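**Q** Before I ask anything, here is the structure I am working with.
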Number of protein chains: 2
Amino acid sequence: MKKVSIHITLKEGVLDPEGKAIEGSLATLGYEGVKEVRVGKLIEMYMDDAVDVKAEVEAMCQKLLANPVIENYTYDVEEGVVS
Amino acid sequence: MKKVSIHITLKEGVLDPEGKAIEGSLATLGYEGVKEVRVGKLIEMYMDDAVDVKAEVEAMCQKLLANPVIENYTYDVEEGVVS
């Protein structure tokens, strides 16, 4: 099996109210020096070794997992994982 | 500035309905060979160089960012980033 970790983040310039809320809460809790908090998604999955990971993950992100208009995505693949 | 990326994932054994829904949708779209989809959060932030990142991030995760009962967290730090 391959373990794929997909990181989905908002593009620069897209407002992130959740990140802003976290930034405000951190400041309230006394954590100063924290800036530009942005919240994204992390999707982990296992894929069969036979699958062409690059092509499949790209297609899955474009069609379902991310919104390519406002989000960027990157992914890491870990080979030879025993699920 | 330091760029900190925090990965928050559900602990093993904790049900993940969002992951299950994605898994079902991927199967419907014809992506076979995908298993155990789990959805987590990715929180990115910039911190001042003066801050003790390890201590602060640990405390922030325990108190606000993650729910330590059901979630695990890891983080990467990138030093010397121009924000």
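Since every read-out is calculated from the coordinates, none of them should be taken as a lab result. The structure presented is a predicted model; accordingly, all values stated were derived computationally and were not measured. Cβ atoms come from the backbone with ideal geometry, glycine included; neighbour counts cover every protein chain shown.
**Q** Rounded to the nearest 20 Debye, what is the dipole magnitude of chain A about its Cα centre when Lys and Arg each give +1 and Asp and Glu each give -1 at the C-beta?
**A** 240 debye
**Q** Something else: How far, in nm to one decimal, is B:Ala50 from itself in the other copies if the label point is set 7 angstrom along Cα toward Cβ? Shortest first, please.
**A** 6.0
**Q** Cα-based Rg (one decimal) and Dmax (whole number) for the protein assembly as shown, in Å?
**A** According to the Cα coordinates of the protein assembly as shown, Rg and Dmax are 16.8, 50 Å.
**Q** So which residue, out of B:Leu15, B:Leu64, B:Leu29, gets the largest mean-square fluctuation from a GNM of chain B using Cα contacts under 10 Å as springs?
**A** Result for chain B, Cα springs under 10 Å: B:Leu29 fluctuates most.
**Q** Turning to a different aspect of this structure: Let me check I've understood the local charge: for B:Lys11, count other residues with C-beta under 12 angstrom from its C-beta, Lys and Arg +1, Asp and Glu -1. What total comes out?
**A** -2
**Q** Local charge sum around A:Asp49 (other residues, Cβ-Cβ under 14 Å, Lys/Arg +1, Asp/Glu -1)?
**A** Every neighbour counted, the sum reads -2.
**Q** Summing +1 for each Lys or Arg and -1 for each Asp or Glu, what net charge is found among the other residues whose Cβ lies under 11 Å from the Cβ of A:Met1?
**A** With Lys, Arg at +1 and Asp, Glu at -1, the net is -2.
**Q** Another question, if that's okay. At a Cα cut-off below 17 Å, give the lysines reachable from B:Lys54, other chains included and same-chain residues fewer than 8 away excluded.
**A** Here the lysines satisfying the reach criterion relative to B:Lys54 are A:Lys35, B:Lys2, B:Lys3, B:Lys63.
**Q** Along Cα-to-Cβ, 7 Å out, sits the label point; list in nm, shortest first, how far the one on A:Ala21 is from those in the other copies.
**A** With the label placed 7 Å along Cα→Cβ, A:Ala21 yields 1.6 nm.
**Q** For peptide A:18-27, compute the average count of partner chain beta-carbon atoms within 10 Å of each residue's beta-carbon.
**A** Taking all residues of A:18-27 together, the mean is 2.
**Q** Closest beta-carbon to the A-to-B rotation axis: which chain A residue owns it, and what is the separation in whole Å?
**A** Axis-proximal residue of A, distance in whole Å: A:Leu42, 2.
**Q** With the label 7 angstrom out along Cα to Cβ, how close does A:Asp76 come to the same site in each of the other copies, in nm, nearest first?
**A** Copy-to-copy label distances for A:Asp76: 0.5 nm.
**Q** Oh, and also: At a threshold of 8 angstrom on Cα-Cα distance, excluding pairs fewer than six apart, so keeping six or more, what relative contact order does chain B reach in percent?
**A** With pairs under 8 Å counted, the relative contact order is 53 percent.
**Q** Here is a follow-up. Compute the long axis of helix A:17-28 from its Cα atoms, compare it with the longest principal axis of the Cα atoms of chain A, and write down the angle in degrees, 0 to 90, nearest 10.
**A** 50 degrees
**Q** If I histogram all Cα-Cα distances within the range B:2-78 using bins 5 Å wide from 0, what percent of pairs lands in each bin?
**A** Percent of Cα pairs in each bin: 3, 15, 21, 17, 14, 12, 9, 6, 3, 1.
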